[in-house]
Amino acid sequence: MKNIVVIGSGVMGRGIAYVSAVGGFNTTLVDISREQLTQAEREIDSIFEKGLIRNKITAADMEAGKNRLTYSVSLAQHVSAADLVIEAVPEVMDIKKNIFEVIDQHAPEHCCFASNTSTMSPTEIGSFTKRPDKVIAMHFFNPVQKMPLVEIIKGLETSEETAQSIKRAAGQMGKETVVINEFPGFVTSRISALVGNEAFYMLQEGLGTPEEIDKAIKLGLNYPMGPFELGDLVGLDTRLNNLKYLHSKLGEKYRPAPLLEQYVKAGRLGRKTGRGVYDYTAREGVKQ
């Protein structure tokens, strides 16, 4: 496996492209928006610089990694030479369907397809192609360059050969892996969604402030981040979409807290909008 195409230049796509290039793969980051790609290139350059400062990579690693990276709006052109395509677009099945139908038309026969979904069915995604045996979920975590795990989820028809190929690719990117069978929410999203949603119920009930609840979870349960800090980082809209999906598949225990829905309606989505549970414009009392 030499050539990887990452589709979607948002936060996750940028991180995946970075670890792919640092891992030695020729990597193309594709998006329909040139403006988004320009922003992504600036952000990836910043990740390289921070990695150099923190001695995570050498100057030679940085130069080689940047040379392996290409930014493009031409999906079909680059997919035609890909060994692995990693989709990292919003968690909307219709968008994923359109993308997988296109890449299925243009990718070589040996190419594997991975979705960086945190909840959606790789079996259903595989049904959008003529090669469901080569379709899998490859769930990275935010921020990709720092988080050590990739959760690999096999669909009903995913072959063992595909699963092992993806495991090797993730290992080359410097990641630890778990390989599991598909079930809604997988492992991490089911647990994380429950904790984050319960925290919103606590806040809604007036049990404590966000700072107090986050501190209790971090120091009492040894979590690296509190549920509100994590929700603001991931995006409260993303958290809400995941909960709605899990609620539809797994029942009442995943019903989104009304307060979470209220925050999303108000546009308080987290760090990306400057305000979520915490206010990132004032920076007062904000957990960094």
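The values are calculated or read from the model by the stated rules, or taken from the named source; none is laboratory data. On a predicted model such as this, the values are computed, not experimentally measured, just so you know. Please note: Cβ atoms are built from the backbone with ideal geometry, for glycine as well, and neighbour counts cover all protein chains shown. All accessible areas refer to the heavy atoms of the entire protein, side chains included, with ligands and DNA or RNA removed. Shrake-Rupley method; radii C 1.70, N 1.55, O 1.52, S 1.80 Å.
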If you take the charge dipole of the chain about its Cα centre, with +1 on Lys and Arg Cβ and -1 on Asp and Glu Cβ, which of 57, 1, 242 is farthest toward its positive end? 57
With N denoting the number of residues in the range 17-59, provide Rg(C-alpha) divided by 2.2 N^0.38 Å, to two decimal places. 1.24
How high is the FRET efficiency from residue 2 to residue 215, r the C-beta distance, R0 51 Å, rounded to 0.05? 0.65
Using only Cα atoms and rounding to the nearest 10 degrees, what angle (0 to 90) does helix 236-250 make with the longest principal axis of the chain? 80
Expressed as a whole percentage, what fraction of the accessible surface of the range 167-236 belongs to carbon and sulfur atoms when a 1.4 Å probe is rolled over the protein heavy atoms? 58
For the Cα atoms of the chain, what angle does the longest principal axis make with the long axis of helix 188-205, in degrees from 0 to 90, nearest 10? 20
On average, how much accessible surface per residue is there in the chain, in Å², for a 1.4 Å probe, leaving out ligands, DNA and RNA? 48
Report the relative contact order of the range 1-152, percent, no decimals, based on alpha-carbon pairs under 8 angstrom and at least 6 residues apart. 26
Note, the range 169-186: 3J(HN,Hα) by Karplus (6.51, -1.76, 1.60, θ = phi - 60°), whole Hz, Gly/Pro = x, goes 4, 5, x, 5, 7, x, 9, 7, 9, 10, 10, 10, 8, 5, 7, x, x, 6
Once amide H atoms are built 1.01 Å from N in the peptide plane, which residues 5 or more positions from residue 112, or in another chain, come under 5 Å H to H? 84, 85
Compare 98, 55, 181 in a GNM of the chain, Cα atoms joined below 10 Å, and give the one with the largest fluctuation. 55
Residue 195 versus residue 56, label points 7 Å from Cα toward the beta carbon: distance in nm? 2.1
Gaussian network model of the chain, Cα springs within a sub-10 Å range: biggest mean-square fluctuation belongs to which of 56, 244, 66? 56
Taking Cα atoms, how many degrees apart are the long axis of helix 59-68 and the longest axis of the chain, rounded to 10 and kept between 0 and 90? 70
Percent of Cα-Cα distances greater than 33 Å, calculated over the chain: 23
Two pseudo-spin positions, 7 Å from Cα along C-beta at residue 149 and at residue 77, lie apart in nanometres by 3.9
Considering only the other residues whose Cβ falls under 12 Å of the Cβ of residue 136, what net charge follows from Lys and Arg at +1 and Asp and Glu at -1? -3
Please state the shape class of the range 1-87: rounded when a/c is under 1.5, otherwise prolate if a/b exceeds b/c and oblate if not, all from the C-alpha gyration tensor. oblate
Against the 2.2 N^0.38 Å scaling, with N counting residues, where does the range 132-172 land? I'd like the Cα-based Rg ratio to two decimal places. 1.19
Give or take rounding to whole Å, what are the principal axis extents of the alpha carbon atoms in the range 135-210, in descending order? 51, 28, 14
Give, rounded to the nearest 20 debye, the magnitude of the charge dipole that the range 1-106 has about its Cα centre when Lys and Arg contribute +1 at Cβ and Asp and Glu contribute -1 at Cβ. 300
Residues with amide H under 5 Å from that of residue 182, placed H, sequence gap 5 or more: 154
Cβ charges +1 (Lys, Arg) and -1 (Asp, Glu), total dipole of the chain, debye: 320
How far apart, in nanometres, would the label points at residue 265 and residue 172 be if each is projected 7 angstrom from Cα along the Cα-to-Cβ direction? 4.9
For the chain, what is the relative contact order in percent, using Cα pairs closer than 8 Å and at least 6 residues apart in sequence? 13
Heavy-atom accessible area of the range 1-115 with neighbours in place, 1.4 angstrom probe: carbon+sulfur share in percent works out to 49
Per residue of the range 4-12, in order, report the coupling 6.51 cos²θ - 1.76 cosθ + 1.60 (Karplus, θ = phi - 60°) as ³J(HN,Hα) in whole Hz, putting x for Gly and Pro. 10, 10, 10, 9, x, 9, x, 4, 6
